[in-house]
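The values are calculated or read from the model by the stated rules, or taken from the named source; none is laboratory data. All figures in this text were calculated on a predicted structure; none of them were measured in a lab. Quick reminder, even Gly has a Cβ in these numbers, built from the backbone with ideal geometry, and neighbours come from all protein chains shown. Surface accessibility is based on the protein's heavy atoms, side chains included, excluding ligands, DNA and RNA. Shrake-Rupley method; radii C 1.70, N 1.55, O 1.52, S 1.80 Å.
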Amino acid sequence: QVELMESGGSSVQAGESLRLSCVISGDTDKARCPAWFRQAPGKERERVAFIDSHRSVSLSDSVKGRFTISLDNAKNTLYLQMDMLKPEDSGAYYCAAVTDCYQLLRGVVHFWGQGTQVTVSS
């Protein structure tokens, strides 16, 4: 009974910034290791960021230094701050969570948002 809903996607120029938001509702205590994934057409789904069981941030090499993930517990909202956007960052972005952080490390996701589109033009 966990629900996630993303927002904030837009069309921007390369070098600009966006902040995506994901509201987590329902049984929020069951949502562990919140994460962001993305998928471009014809490309494999990629996990770009997550917060692990020790509350530490993990970023993929492709976005490290440009993106950051954060969680506002008071608002039950997950954020993805995206700076210095590149055309290759374009795609559908999904927030996600699991019932046990171990599952995320195995590549398993229990809860998905519906996605928000990001398009970066050069």
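When peptides 9-17, 94-102 are sorted by average Cβ neighbour count within 10 Å, with the highest value leading, the order is 94-102, 9-17.
The heavy atoms of Met84 present about 100 square angstrom of accessible area, all protein chains included, probe 1.4 Å.
To the nearest 10, the accessible area of Val109 is 30 Å² with a 1.4 Å probe. Each part gets one Cα centre, and for the stretch 18-85 versus the stretch 91-122 those centres are 7 Å apart.
In the complete set of protein chains, residue-level accessible area for Arg38 is approximately 20 Å², probe 1.4 angstrom. Please name which of Val2, Val120, Phe67 has its Cα lying farthest along the dipole of the chain towards the positive end, using unit charges on Cβ (Lys, Arg +1; Asp, Glu -1) and the Cα centre as origin. So the residue furthest toward the plus end is Phe67.
Taking all protein chains into account, the per residue accessible area for the stretch 35-81 stands at 59 Å² (1.4 Å probe).
The relative contact order of the chain, computed from alpha carbon pairs under 8 Å that lie at least 6 residues apart in sequence, is 36 percent. Around the Cα centre of the chain, unit charges on the Cβ atoms of Lys, Arg, Asp and Glu (plus for the first two, minus for the last two) sum to a dipole of about 120 debye.
Absence of a disulfide-compatible partner, taken as no other cysteine beta carbon within less than 4.7 angstrom, is noted in the chain for none of its cysteines.
Surface composition of the chain: carbon plus sulfur atoms contribute 44% of the solvent-accessible area (1.4 Å probe, protein chains only, all chains present).
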